[in-house]
Amino acid sequence: MENKNIITKYVQQKENLLKTYDDLIKYNFVPCKQDNTEITEGSIRELQNNLEKEEFIITVCGQIKAGKSTLLNYLLFNSESILPVDDTPHTAKLTIIQYGKENGAKVCFYTKDEWKELKEKKIVDEETGKERSYYEEYLKNDIDRVAYEGIYGEEFIREASYCHEERDLKQLGKYVSKDGVYTPFVKQVEVTINNEFIKDVKIVDTPGLNDPNEFRSRITHDWIMNSNAVIFLIYTGQPLSSTDLDFIDKHLSPISSKKIVFATTKIDSQPDYKRVIDYIDRNLRSHPALKRRHLLEGQEVYPISTLAAVIAHKIANNKPFTEGEKYQHERIKEKMPEIIEKGGYMDDFIKGIEQHIMKDKGNSIIESHKRKIQSICEAKINEVRLKIDGCIDEKKNLELSHQGKKEKIKKTLDISNEVEKFGNEFKRKIRDFATEEANNKFVSFLDSYCSEIGNEIDKWVKEETVDRVIEHTIYTVKELIDKKVAGRINSILDNKFQGELNEILKSYTENIKNLTGDLFSCYIGFIFKPVISLEDINNNIEGSIAKLNSENLKALKQKTLKIFPDNEGSRNKMSSFAKETVNNITKGIKQQILPIIDKDIKEYCDKFTDNITDTVNEYYNRIKECNIEIIDIEKRKIEIDKEITHLKNSLNNYEKYFEKLCK
């Protein structure tokens, strides 16, 4: 009667869990992410299916070279090397082992899509940070090796997953060992053995924790998610590395702590292995990331040496050693004979598995599924909380952006007004420069040059003969005009006027830069780009002087023809005519050149005004853009508020359901 009650209770618990899985789908607990793995409706249906079949799954985890395959060969295959022990991170295969009346294996190969993704996958070098090709790094050499033996991936890699049935387990090495001819193309292997030890149990031998193959890594996590218990092996020579701790914290969360058995392997390689065990025990119980899990509660870390167990078994059964085993026997017997005497402590380890994992499998199945449901609920609740936090952070950032844009609008308006103010002042300064500075100084320079030329003519007339004066006055006047006026005017414009104009430009440019700071600084050069062409003014001046010279020198020549070179009076007349000609030329320059300077300055001011107007308009365009962005921000804030309300309601419902579930 008591046994009937136990069975009835188990069936009722199982039905409740199946309904709870349905509720997880009904109340939208899926999809969600758990340790970067997507939990979908398909994942829930698979868990339901496992529960319906009452499968008890044990996953064996640990880093490459932790001794997983060696241990399973000892426990399940009578120490035969069925599972490869020469794995590397890229050749290790996920292997599922289950009970069957006949031994055999189903070898599953990659699909075309999976193979393509593998070939395109990039891995990052931890030391250099550079990307490398996974295919080139891990697959190409092996593919070239097997191609040499006539094996090509096209035979096995197909649209749908292709699986090959292998009856002889001793041939398994061809598919999973480091030197196997089919190894590069194999994704996973399902092994069936006639061994009562695993009846009603499915054992999953996972690749190492440091597996760079994302397909196998995802499959490993899925199997752990579906597992009821885990055997976690830790290599004694590298106890609880950061990889171990990270894996236990993130990937073993769906497993009840009571159903995780820890063992430290290859203790024959470490004489002080007991200190290692103490270190592992202490960290599993008290490490900040693991403390809340209550690992090892009512348990211990099991020290094991599969090698010593094999040696002890052969001694007990009078079986011969291999050459390698002879050496290892002598080594261990000399340094740690008790390990051989205790059979590698394998009996204690097996008892621990039976006590903590195999005993009361029905209850273990129920408890493991409860833990899985709990972990899915926690993952969904955490996911929603993170989304709420993300929405709140986004809203805060939007509010800061909103405030920043309002301040930018105000600053832009202020700057726009100041730019217009500075622009008007700048135009006035340029016009003052044109009328007061340029014109007055230009007239003063011309008068000075005219007086200087007159003195030069008087001096020349006195020193030359009358005949020479009459003959060469025209050429002398032209030479003096070209040298003293035309040449110097160019110098004045280039050095004096351009220098003063540049100082005005520099002063106002600095004022605007100080006013705007970083805001719209790209327009500074555009506003104050010099547009007065002194070269054009010089060309105009040269053309005007040439014309004035031609007209006045022609008149001087006519007067010269009327003078007779027979007395001193002729000398004085030529001097007077020459100076009169210079005065006329200078007067003509004033009349023609000053309007040119005024015109160019006016054109510059007009262009400058247009530039200021364009820039101010650009400022207003920026203000319009900011206003549009502010409107968009307000719309997004309203959307976020609605999203937060929806998420909080969902979170409240999830938490209520979870609280009810826990009770």
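Here are the numbers for this structure:
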{"read-out": "When each of Lys274/Lys319; Lys462/Lys587; Lys202/Lys266 is checked by Cα-Cα distance, pairs over 28 Å", "value": "Lys274/Lys319"}
{"read-out": "Peptide ranges 31-37, 156-162, 198-204, 127-133 listed from the most packed, as the mean C-beta count within 10 angstrom indicates", "value": "198-204, 31-37, 156-162, 127-133"}
{"read-out": "Cα-based convex hull volume of region 41-89 per residue, rounded to whole Å³", "value": "113"}
{"read-out": "Linear extension gain, Lys106 paired with Arg636, 0.36 nm per residue minus alpha-carbon span", "value": "185.3 nm"}
{"read-out": "Region 95-133-region 629-650 distance, computed between alpha-carbon centres (Å)", "value": "43"}
{"read-out": "Rg(Cα)/(2.2 N^0.38 Å) for region 269-395, N = residue count", "value": "1.62"}
{"read-out": "Net charge of neighbours whose Cβ lies under 13 Å from the Cβ of Thr609, counting Lys and Arg as +1 and Asp and Glu as -1", "value": "-1"}
{"read-out": "Cross-link partners of Lys68 among aspartates and glutamates (Cα-Cα below 15 Å; sequence separation of 8 or more within a chain)", "value": "Glu80, Asp86, Asp87, Asp205, Asp211, Asp244"}
{"read-out": "Relative contact order of region 70-209, defined on C-alpha pairs under 8 angstrom at six or more residues apart (%)", "value": "46"}
{"read-out": "Region 131-230 - percent relative contact order, Cα under 8 Å, separation 6 or more", "value": "17"}
{"read-out": "Candidate lysines - alpha carbon under 22 Å from Lys429, same-chain residues fewer than 8 apart omitted", "value": "Lys421, Lys441, Lys496, Lys506, Lys513, Lys529, Lys599, Lys602, Lys607"}
{"read-out": "Cα-based shape type of region 61-158, given that a ≥ b ≥ c are square roots of the gyration tensor eigenvalues and the cut on a/c is 1.5", "value": "oblate"}
{"read-out": "Protection-proxy order for peptides 136-143, 171-178, 182-189, each taking the mean of Cβ atoms within 10 Å per residue, highest first", "value": "182-189, 171-178, 136-143"}
{"read-out": "Loop-located GluC sites (Glu not before Pro) in region 253-349 whose Cβ has at most 16 other Cβ within 10 Å (DSSP)", "value": "Glu297, Glu300"}
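Computed from the coordinates by the stated procedures, all read-outs in this text should not be read as laboratory data. Here the structure is a predicted model, which means the values were calculated and not measured. Glycine also receives a Cβ, built like all others from the backbone with ideal geometry; neighbour counts cover every protein chain displayed.
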